[in-house]
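Inspection log for the structure reproduced underneath, given as structure tokens.
The values are calculated or read from the model by the stated rules, or taken from the named source; none is laboratory data. Every value quoted in this text rests on a predicted model; they were computed, and no experiment measured them. Quick reminder, even Gly has a Cβ in these numbers, built from the backbone with ideal geometry, and neighbours come from all protein chains shown. Ligands, DNA and RNA are excluded from the accessible area calculation, which covers all protein heavy atoms including side chains. Shrake-Rupley method; radii C 1.70, N 1.55, O 1.52, S 1.80 Å.
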Amino acid sequence: MSAGPTQALLPFSVPVGSWAEHAVNFLLDHYDAPFQHFSAALYAMIAALQGALLAVPAPLMIGLLGLLAGWSAGLRAGLFAIGGLLLAHNMGLWHSTVTTLGLVVSAEVLVLVVGLPLGILAARSDLVDRGLRPMLDLMQTMPAFVYLIPAVMLFGLGLVPGVISTFIFSIPPLIRLTNLGIRQVPADLVEASEAFGATWLQTLAKVQLPVALPSIMAGVNQSIMLGLSMVVIAAMIGSGGLGKEVLEGITRLQVGSGFEAGLAVVILAIVLDRITQGIGVRKRRRR
Amino acid sequence: MRHRNWIARLMLPAALLGLLGPWPGLPGTRAWAAERPTIRIGYVQSWSSNVASANLVAAVIRERLGYPVQLVSLDPGPMWQGVAQGDLDLSVSAWLPTTHQAYYAKLWTKVINLGPNLYGTRIGLVVPDYVGIDRIDQLNTVKNRLRGRIIGIDPGAGIMMKTQAAIKAYGLDYTLVQSSGAAMAAMLARAERHHRWIVITGWTPHWMWARWKLKYLRDPKGVYGRGGHINTIISTQLPDKAMPVVRFLKRFVWTPGQMNQVMMMVRKGMSPAAAARKWLQRHPREVADWVPASAHMQSGAPGSGRSP
């Protein structure tokens, strides 16, 4: 199974690994305080959001999410949301489910704040687009464990590295789809708005973004789905929630409780998927 | 596009063959499997002691007994499950009676426990030696410096359950943070770098003891027990499949010091397989104890393992 001795093809060895290690060590040695402050600030935000979500009584929260799903994707989706969330509550997983929701929503807020402007920039400039693309490939395909451990060293254990790794993993689709959506806005629409003397900001806000909205919402939707798939991995660095329940179940060989927690992740994923997908579709219908 | 298709058409049968290859149980591969079955060893990659012992055992089975070996790295839960189901033939990484107690309690009827291969393991709460306390019952007095957190590992591990018991027994005002072995080590590395205080759930043997100066917090109430051992467990099918391997495993016992030599070679950059081979070359006496000359590959005819 082990690889045999390798023959060198180049007369020197490229020290990729030691560069990466030096980079992390450099950050640790010189930017410890900023990372601590950033980490504390981010933690306060995430904890506040989770606290707020947890403070809502379960029946009210289930009703609200049900209404939201029903409004955006129709009666069936609404009923599914209510039934599914009731089941999650019934399995004793309510607290974990809401904690996970808080984690995913926090990561999604960061994704929106960073991803939308980057997507718009990439749509406006081919140079930015070409520069971003390999970065996005890297973020999407680098195995999560590779950056999980440096994230722990920089941000500690718990919610913050969990949200950051979720953010890294789930931002690429939003950037890509925002970029694509804006680039696909018909040129005559943009020309028309420019002919009427609109500034680029007005064109962006009144023409490009509204037309690109279905594509952008598809990006939001994709990034939420990817975020939920990071939940279990993030639990390995102590971010809690449903991922913790899944890990606890499987590491104790309790198939049942692992399955229950996994099912709750699925329910949450479907509810969030229907809500966000519905918003994009509604907008398209209205036009 | 056409080019890609061509490659894909070549790759598919190759991939299928690859899938069939390593599974001797499948029909069609019988003839190939009849020579000598591949011995599959499960181990936990993130625990460096397991890497050392699994590679050592693999080297003995491969080079002295002549069986092909496949090393499979997994989490402890799947490792136990795999041995119980016969998907894995053996593991030399069963930490009993402490850390893997939950798995053993669940699966003890489905595996064969060959007993300890290493005595002198220990688990407990561990701090860097610059942390100014020595006993678990002093933890509450320094709660602020430690931020009220004990950095733990995988949620199912026995060391985690013992720590919950310790929190109760000593009335500690601490939360136990669940993570994983790798994340715990990363937290320790980070704390050491800035000389920050930290308390973790630790165990011996582990490479962290060679890297940093650490100490166990004394445990006057004995919650963590007196120390344990690492056992060898095998699947119930292994005696039928490869009796010489079972005979070797029954005799296989080594010491933390010997294991440490392998771990240190790995830490200095040698591959685990190479480190294991080197150790075997340097220790012919031990090897002769584990594998008497009569059991060497030249004397054991192929398939001799089938009749125990």
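The condition (being away from chain A (no Cβ under 14 Å), more than 22 Å from B:K250 (Cβ to Cβ) and under 9 Å from the mean Cα position of the chain (by Cα)) is satisfied by just one residue among B:S93, B:S48: B:S48.
Considering only residues that are more than 7 Å from chain A (Cβ to nearest Cβ) and assigned to a helix (DSSP H, G or I), which ones fall in the range B:173-191?
Hits for the range B:173-191 are B:G181, B:M184, B:A185, B:L188, B:A191.
The selection criterion, being assigned to a helix (DSSP H, G or I) and in contact with a Pro (Cβ under 7 Å, 6 or more places away or on another chain), does not hold for A:L174.
Does at least one position in the range A:59-78 carry a residue that is of a type in the set (F, W, Y) and within 27 Å of A:L154 (Cβ to Cβ)?
Quick first cut of the range A:59-78, residues of a type in the set (F, W, Y) only: A:71.
This time we only want the ones that are within 27 Å of A:L154 (Cβ to Cβ), so: none.
No, the range A:59-78 contains no residue that is of a type in the set (F, W, Y) and within 27 Å of A:L154 (Cβ to Cβ).
Results for (1) under 26 Å from B:A52 (Cβ atoms); (2) open to solvent by 10 Å² or more (accessible area, probe 1.4 Å); (3) aliphatic (A, V, I, L, M), shown as yes or no for each residue.
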{"site": "B:Q101", "(1), (2), (3)": "yes, yes, no"}
{"site": "B:I136", "(1), (2), (3)": "no, no, yes"}
{"site": "B:K143", "(1), (2), (3)": "no, yes, no"}
{"site": "B:G158", "(1), (2), (3)": "yes, no, no"}
{"site": "B:L188", "(1), (2), (3)": "yes, no, yes"}
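Has the range B:73-81 got any residue that is within 13 Å of chain A (Cβ to nearest Cβ) and among the aromatic types (F, W, Y)? Yes, the range B:73-81 contains a residue that is within 13 Å of chain A (Cβ to nearest Cβ) and among the aromatic types (F, W, Y). Every condition in (1) in contact with a strand residue (DSSP E or B) (Cβ under 8 Å, 6 or more places away or on another chain); (2) within 14 Å of chain A (Cβ to nearest Cβ); (3) in a helix (DSSP H, G or I); (4) open to solvent by less than 30 Å² (accessible area, probe 1.4 Å) is met by B:A166 except one, and the failing one is (2).
Among the residues making up the range B:127-144, a single one is among the charged types (D, E, K, R) and closer than 18 Å to B:M184 by Cα: B:D129. Each residue in the range B:248-279 was checked for being open to solvent by less than 10 Å² (accessible area, probe 1.4 Å) and in contact with a strand residue (DSSP E or B) (Cβ under 8 Å, 6 or more places away or on another chain), and 4 of them qualify.
Results for (1) over 20 Å from B:L96 (Cα atoms); (2) touching a Pro at 6+ places or on another chain (Cβ under 8 Å); (3) within 14 Å of chain A (Cβ to nearest Cβ), shown as yes or no for each residue.
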| position | (1), (2), (3) |
| --- | --- |
| B:V223 | no, no, no |
| B:M243 | yes, yes, no |
| B:P256 | no, yes, no |
| B:N260 | no, yes, no |
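For the range A:257-268, the set of residues classified as open to solvent by 30 Å² or more (accessible area, probe 1.4 Å) and among the aliphatic types (A, V, I, L, M) consists of A:L263, A:V266, listed by residue number.
Condition check ((1) within 12 Å of another protein chain (Cβ to nearest Cβ); (2) more than 17 Å from the chain's Cα centre (by Cα); (3) open to solvent by 20 Å² or more (accessible area, probe 1.4 Å); (4) modelled with pLDDT of 90 or more) across all residues:
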residue: A:L226; (1), (2), (3), (4): no, no, yes, yes
residue: A:I233; (1), (2), (3), (4): yes, no, yes, no
residue: A:S239; (1), (2), (3), (4): yes, no, no, no
residue: A:L242; (1), (2), (3), (4): no, no, no, yes
residue: A:V255; (1), (2), (3), (4): yes, yes, yes, no
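Among the residues of the range B:192-206, those that are over 17 Å from B:V177 (Cα atoms) and more than 13 Å from chain A (Cβ to nearest Cβ) comprise B:T204, B:P205, B:H206. Residues that are facing another protein chain (nearest Cβ under 9 Å), open to solvent by less than 60 Å² (accessible area, probe 1.4 Å) and more than 15 Å from the chain's Cα centre (by Cα) within the range B:103-112 comprise just one, B:L107.
What about A:L157, is it surrounded by 21 or more Cβ atoms within 10 Å (Cβ to Cβ), within 14 Å of chain B (Cβ to nearest Cβ) and in contact with a helix residue (DSSP H, G or I) (Cβ under 9 Å, 6 or more places away or on another chain)? Yes; evaluated as a whole, the condition is true for this residue. The one condition from (1) open to solvent by less than 30 Å² (accessible area, probe 1.4 Å); (2) in a helix (DSSP H, G or I) that A:V185 does not meet is (2).
Could you tell me whether any residue of the range A:57-66 is within 14 Å of chain B (Cβ to nearest Cβ) and either touching a residue at least 12 places away in the same chain (Cβ under 8 Å) or open to solvent by 100 Å² or more (accessible area, probe 1.4 Å) (or both)?
Within the range A:57-66, not a single residue is within 14 Å of chain B (Cβ to nearest Cβ) and either touching a residue at least 12 places away in the same chain (Cβ under 8 Å) or open to solvent by 100 Å² or more (accessible area, probe 1.4 Å) (or both).
One residue stands out in the range A:244-253 among those that are open to solvent by 50 Å² or more (accessible area, probe 1.4 Å) and without any contact (Cβ under 8 Å) to a residue 60 or more places away in the chain: the one that is farthest from the other protein chains (Cβ to nearest Cβ), namely A:I250. Scanning the range B:204-226 for residues that are at pLDDT 90 or above and either under 21 Å from B:Q45 (Cβ atoms) or part of a loop (DSSP other than H, G, I, E, B) (or both) yields B:W212, B:K213, B:L217, B:D219, B:P220, B:K221, B:G222, B:V223, B:Y224. Condition (residue is closer than 20 Å to A:A151 by Cβ and not basic (K, R)) applied to the range A:68-86: is it met by at least one residue? No, the range A:68-86 contains no residue that is closer than 20 Å to A:A151 by Cβ and not basic (K, R). Within the range B:227-247, the set of residues being touching a strand residue (DSSP E or B) at 6+ places or on another chain (Cβ under 7 Å) and assigned to a helix (DSSP H, G or I) comprises B:L238, B:V245, B:V246.
Screening B:G120, B:G115 for residues that are surrounded by fewer than 19 Cβ atoms within 10 Å (Cβ to Cβ), at pLDDT 90 or above, at positive phi and more than 11 Å from chain A (Cβ to nearest Cβ) leaves exactly one candidate, B:G115.
Are any of the residues in the range A:144-152 touching a residue at least 40 places away in the same chain (Cβ under 8 Å), part of a helix (DSSP H, G or I) and open to solvent by 80 Å² or more (accessible area, probe 1.4 Å)? Yes, there is a match, as at least one residue in the range A:144-152 is touching a residue at least 40 places away in the same chain (Cβ under 8 Å), part of a helix (DSSP H, G or I) and open to solvent by 80 Å² or more (accessible area, probe 1.4 Å).
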